[in-house]
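Have a look at the structure below, then the notes.
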Amino acid sequence: MPTLSFKDRGAATLVSHMKAIGVKKCVQDSSGNAGVAVAAYCARSGIACEIYVPEGTSPNKIAMIEGFGAKAVVVPGTRDHCAEVCRSKVKEEGAYYANHVYNPYFYEGTKAYIYETFEQLKRIPRHIFIELGNGTLFIGAVLALEHLMRSGVIDEFPQLIAVQSENCAPFYETEEQGSSSLVEVTPKPTLAEGIAIGKPARADEVLDMIRRHNVKVITAPEDRILPCREEMAKRGFYVEHTTAAALAAYYRYCEKFGPTEDALLSLCGAGLKSEH
């Protein structure tokens, strides 16, 4: 993870595709990590890059985007508004939209998370906790697990647990209410900025996966994110707040459903990127 987040796996695949088809300039919207990853791989590939981030994004992530030579545009308002502004730019200029939510090549890269897990453990853990905002890692993981099932590599689908911030939890609220379509929520500020997505673009696809594979959705208590981050640091893992939310959600899940053994938590990003 050269830019210190799982988004590097998706960016490596997407930017390789962009280079192959002759893209000269791209734009992207991001809460930070995907923007940093795309900026890095574009720098390596000689592709001009412009990244739109919402206000409140970690200054360290913005500094990394600019350090790779990309232009960082800070957009006032929510993460969802930031995406709208970026897509307007795409329409105006006709630049390639190197977005980790819309572009299928990004998911081909994030599938590697599951492949690497199997390669290293020679099995898939019984429980996998995955932070869920737009679904970049979640969708990639489900696609990879489905592939392993079809191939006969594994004969049982693990219990997936999707982690949302309690201050921005559209999928959790949808499941709680038993709604057939995504419930509209008003995002509140959260330390878990990487999953603060009120209107995920692939909501229908994610909901289909949740219901098809009996995925449970749990929220991370906001007041437990920092203590969990501290706990993980004392275990030798210095992670960003969104990752700490996964541990906070794990504890809440255990309180709700009992001890949960053989659980894999996704360490999405390093802690240096989210010092506010």
Give the residues of region 43-80 that are at pLDDT below 95 and at positive phi, sorted by residue number.
GLY56, GLY77
When region 204-223 is checked residue by residue, the ones that are surrounded by 15 or more Cβ atoms within 10 Å (Cβ to Cβ) and of a type in the set (D, E, K, R) are LYS216, GLU222
Set VAL239, VAL215, VAL206: member being in the same structural domain as GLY135 (by TED's automatic domain parsing), closer than 20 Å to LEU264 by Cβ and in contact with a Pro (Cβ under 9 Å, 6 or more places away or on another chain)
VAL206
What's the total number of residues in region 20-40 that are under 16 Å from GLU108 (Cα atoms) and of a type outside the set (A, V, I, L, M, F, W, C)?
0
Across region 147-171, what is the total count of residues that are buried (at least 20 other Cβ atoms within 10 Å of the Cβ) and either at positive phi or at pLDDT below 95 (or both)?
0
Of all helices (runs of 4 or more DSSP H) fully inside region 59-136, the set with 1 or more residues that are in the same structural domain as LYS188 (by TED's automatic domain parsing), closer than 30 Å to GLU261 by Cβ and among the hydrophobic types (A, V, I, L, M, F, W, C) is 112-121
GLU116 in contact with a Lys or Arg (Cβ under 9 Å, 6 or more places away or on another chain), of a type in the set (Asp, Glu) and at pLDDT 95 or above
yes
Quick one: in region 245-256, of everything that is without any contact (Cβ under 8 Å) to a residue 40 or more places away in the chain and hydrophobic (A, V, I, L, M, F, W, C), which residue is surrounded by the most Cβ atoms within 10 Å (Cβ to Cβ)?
ALA248
Qualifying residues in region 64-123 (those that are surrounded by fewer than 17 Cβ atoms within 10 Å (Cβ to Cβ) and among the small types (Gly, Ala, Ser)) - the one farthest from GLY22 (Cα to Cα):
GLY77
Residue tally, condition under 15 Å from the mean Cα position of the chain (by Cα) and more than 22 Å from GLU84 (Cα to Cα), over region 166-203
1
Name every residue in region 1-50 that is surrounded by 18 or more Cβ atoms within 10 Å (Cβ to Cβ), in a helix (DSSP H, G or I) and either free of Cβ contacts under 8 Å to residues at least 24 places away in the same chain or of a type in the set (Asp, Glu) (or both), in order of residue number.
ASP8
Determine, yes or no, whether VAL53 is in contact with a Pro (Cβ under 6 Å, 6 or more places away or on another chain) and crowded, with 18+ Cβ neighbours inside 10 Å.
no
Check on SER266, closer than 27 Å to THR57 by Cβ, touching a strand residue (DSSP E or B) at 6+ places or on another chain (Cβ under 6 Å) and at pLDDT below 95
yes
May I ask you to list the residues in region 204-258 that are under 20 Å from the mean Cα position of the chain (by Cα), farther than 18 Å from PHE157 by Cβ, not β-branched (Val, Ile, Thr) and not in a helix (DSSP H, G or I)?
ALA220, PRO221, PHE237, TYR238, GLU240
Given the structure, is GLU184 surrounded by 15 or more Cβ atoms within 10 Å (Cβ to Cβ) and among the acidic types (Asp, Glu)?
no
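The values are calculated or read from the model by the stated rules, or taken from the named source; none is laboratory data. Since this is a predicted model, take the numbers as computed values, not measurements. For neighbour counting, all protein chains shown are included, and Cβ atoms are generated from backbone atoms with ideal geometry for every residue, glycine included.
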